[in-house]
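The structure appears below as structure tokens.
Read-outs throughout are calculated quantities, based only on the coordinates presented, and are distinct from any laboratory measurement. A quick note: this is a predicted structure, and the numbers were derived from the prediction, not measured. Virtual Cβ from ideal backbone geometry, glycine too; neighbours counted across all protein chains shown.
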Amino acid sequence: MDIDLPAFLAERRPTVLVVGDVMLDEWLTGSADRLCREAPAPVVAVDQRVTAPGGAANTAVNLAALGAEVAMVSTVGEDDAGIELLAALRKSDVDTSLVEVGDGRRTTTKRRVVAGEQVVVRLDDGDRDQKPLSSVDGLVAAAGHADAIVLCDYGTGLLAGDTLDRLRLARERLPLLVVDAHEPARWADLRPDVVTPNAGETETVLGVPIPREGQVEFLDRHRDRLLAGTGAAAVAVTLDRDGAVLLDGDRPVHRTWARPVPDNHTAGAGDTFCAALTTALGAGLSIVVAVELAQAAADVVVHRPETAVCSVADLTERLGAGSPRLLDHDRLAELVAEHRAAGRRIVFTNGCFDVLHRGHVSYLNEAKRLGDVLVVAINSDAGVARLKGADRPVNGLADRAGVLAGLSCVDHLTVFDEDTPAALLERLRPEIYAKGGDHRAELLAETDVVHGYGGEVRILGYLPDRSTTAVIDRIRNGH
């Protein structure tokens with residue numbers, strides 16, 4: 001994943017309409033040293049109050065922070081919470097001209113009382129059954145100038161009534177449509193481009209629970225039911241600490257890996273994921289790259305307290321900081337030994353990875369799913385030239401490593417100068433040696449080495465017409 005991608009998003013500045021349920025998130029933090037007399041409940045001495053846009057409003061401010069031009073379509077009450085929420089949206093450069101104010105509404109608020117690192121209680125206030133949105137015509141008119149629409153339906157009733165019917169009639173005039181809904185099946189007739197359900201919402205669509213083990217394989221087996229049930233062209237299932245799973249038509253399943261945090265740090269992470277995904281798609285990036293960027297953005301906010309926002313600078317830093325340096329073989333051997341002592345299964349693969357393409361990403365993703373830790377060994381520039389010709393590599397070692405390191409599936413990177421990584425395999429002794437589907441195990445020089453120490457050679461899936469040589473040929477031929 002290129003660390004320059006966030007800057008590209010900000011430069012592209014896709015225009016996005018966010019439609020749905022907004023709320024004000026409030027965090028009251030302090031210390032709790034005693035129980036109250038009236039009940040066995042802690043007394044929290046509040047020393048700080050922090051508020052932030054929540055729900056669809058959080059999606060909007062995250063979009064704006066990533067460089068999108070954002071307009072909010074929603075309703076708020078003419079109350080203190082509504083005034084504060086509108087001010088926060090405007091401060092974040094979100095256009096609120098399509099937000100309805102008043103009409104007897106009460107703005108939804110979610111107050112969390114926190115003692116130390118622990119949420120003691122959450123207090124929800126505001127309308128539970130809202131009047132349906134009345135500005136659908138304005139939404140459809142504005143959609144003609146947008147790159148994307150995000151529908152955030154949390155079941156309050158705001159998007160009830162004839163909203164779905166009116167949007168369905170206008171579907172051909174709507175741009176890229178992303179749906180983030182508690183009941184994604186409700187929007188199936190709208191044929192969204194992408195839906196982003198969490199595990200619980202996915203289980204509702206499928207009618208069966210997702211097993212704790214084998215989540216990716218389970219979702220892949222049920223992809224037809226999930227795509228049909230949501231009406232979507234692609235589904236990105238968010239699984240909190242287990243990352244996300246992308247099911248894009250009949251293309252190979254793609255998984256991301258998250259950096260786990262305690263559950264009390266995950267407020268709003270799904271909104272950030274949806275925002276980054278939409279920004280990337282609205283800017284014209286592929287959905288696989290968009291999902292990887294979305295995971296990186298979610299990783300930023302879950303490591304912060306309260307409801308947080310991921311900016312262009314944050315995402316750039318995350319991709320750069322998340323890029324492990326090229327390890328020398330001694331240090332890599334030490335880390336592999338530590339992983340093995342902790343009971344982790346090591347997967348090893350290697351290649352030139354010059355001009356990274358979807359075939360590379362697909363097979364690396366599949367390789368990581370074979371174990372717990374993925375080690376990628378990259379041919380040196382001199383090694384690439386010997387294997388591919390004097391005009392290769394197109395990208396030098398540092399660039400090739402930087403792009404690979406941004407993929408959430410890659411754990412460790414190293415470089416080797418020999419024509420094969422046989423000596424490195426003998427030293428590290430990974431449980432699995434994985435290669436792309438354009439290879440045959442019996443023809444690999446490394447196979448005897450791997451079998452000699454008791455390891456397994458796995459040949460993974462292959463995407464035809466997806467090779468660096470083919471990409472370079474198309475570029476040279478002007479295609």
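Could you tally the net charge around Arg166, taking each other residue with its Cβ under 14 Å from the Cβ of Arg166, Lys/Arg +1 and Asp/Glu -1?
Computed value for this residue: -2.
Can you sort Tyr154, Tyr363, Tyr453 by how many other beta carbons sit within 10 Å, fewest first?
Lowest count first: Tyr453, Tyr154, Tyr363.
In percent, what relative contact order does the chain have, based on Cα pairs under 8 Å that are 6 or more apart in sequence?
Once divided by the residue count of the chain, the mean separation gives 13 percent.
Taking 7 Å along the Cα-to-C-beta vector as the label spot, tell me the Glu418-His329 distance in nanometres, rounded to one decimal.
Output for this residue pair reads 0.6 nm.
What residues qualify as long-range amide H neighbours of Glu69, i.e. H under 5 Å apart, gap of 5 or more or another chain, H built at 1.01 Å from N?
Thr15, Val16
Only one of the listed values, [x] 20, 41, 30, 9, 0; [y] 22, 51, 24, 3, 0; [z] 20, 41, 21, 14, 3, was derived from the coordinates as P(r) over Cα pairs in 20 Å bins from 0, in percent; which label is it?
[y]
Between Glu338 and Ala390, what FRET efficiency comes out of the Förster formula 1/(1 + (r/R0)^6) with R0 = 30 Å and r the beta carbon distance, rounded to 0.05?
Step by step, r from the Cβ atoms, then E = 0.15.
Compute the relative contact order of region 326-476 as a whole-number percentage, counting only Cα pairs closer than 8 Å that sit 6 or more residues apart in sequence.
Working: 238 pairs, mean separation 43.3, N = 151.
Across region 326-476, relative contact order equals 29 percent.
Please sort by residue number the GluC sites (Glu not before Pro) in region 162-221 whose DSSP state is loop and whose Cβ has at most 12 other Cβ atoms within 10 Å.
Glu213
Can you give the net charge of the other residues whose Cβ lies under 13 Å from the Cβ of Ile287, counting K and R as +1 and D and E as -1?
Charge balance in the 13 Å sphere: -1.
Report the antiparallel proportion of the DSSP beta bridges in the chain as a percent, rounded to a multiple of 5.
35
Quick check: Cα centre of region 1-64 to Cα centre of region 343-409, how many Å?
Measuring centre to centre over Cα atoms gives 37 Å.
Say R0 is 51 Å: what FRET efficiency, to the nearest 0.05, do Leu443 and Val208 get from their beta-carbon distance?
Calculated value: 0.75.
For the chain, what does -39500 (n - 2.57) per DSSP helix run (n ≥ 4), summed and divided by total residues, give at 222 nm, in deg cm²/dmol to the nearest 500?
Dividing the helical sum by the residues of the chain leaves -10500 deg cm²/dmol.
Using the Karplus curve 6.51 cos²θ - 1.76 cosθ + 1.60 with θ = phi - 60°, work out ³J(HN,Hα) for each residue of region 412-421 in order, rounded to whole Hz, and write x for Gly and Pro.
With coefficients 6.51, -1.76 and 1.60, one gets 9, 10, 8, 10, 9, 9, 6, 6, 9, x Hz.
Please grab the % of Cα pairs in region 326-476 that end up more than 20 Å from each other.
Every Cα pair in region 326-476 considered, those over 20 Å come to 46 percent.
Skipping prolines and chain starts, which residues have an amide H placed within reach, meaning under 5 Å, of the one on Arg458, given they are 5 or more residues away or on another chain?
Hits under the 5 Å cutoff: Tyr433, Ala434, Lys435.
In debye, nearest 20: dipole of region 326-476 around its Cα centre with unit charges on the Cβ of K, R (+) and D, E (-)?
480
Step through the residues of region 444-449 one at a time and calculate ³J(HN,Hα) from phi using the Karplus curve (6.51 cos²θ - 1.76 cosθ + 1.60, θ = phi - 60°), rounding each to whole Hz and writing x for Gly and Pro.
The phi angles translate into 7, 5, 7, 4, 4, 5 Hz.
Name the lysines eligible as straight-distance cross-link partners of Lys91: C-alpha to C-alpha under 30 Å, and not fewer than 8 places from it in the same chain.
Hits, sequence-local ones excluded: Lys110, Lys131.
May I ask you to derive the relative contact order of region 1-58, considering only C-alpha pairs under 8 Å and at least 6 residues apart, and to give it as an integer percent?
Computed over region 1-58, the figure is 37 percent.
Name the long-range amide H neighbours of Asp21: under 5 Å, sequence gap of 5 or more, or other chain; modelled H, no Pro or chain starts.
Ala56, Cys152, Tyr154
From the phi of every residue in region 169-181, what ³J(HN,Hα) in whole Hz does the Karplus formula 6.51 cos²θ - 1.76 cosθ + 1.60 yield, where θ is phi - 60° and glycine or proline is x?
Once rounded to whole Hz, the list reads 5, 9, 3, 5, 8, 8, x, 3, 10, 10, 10, 10, 9.
Using +1 on the beta carbon of Lys and Arg, -1 on that of Asp and Glu, and nothing else charged, what's the dipole of the chain about the Cα centre, debye to 20?
Charge dipole of the chain: 500 debye, to the nearest 20.
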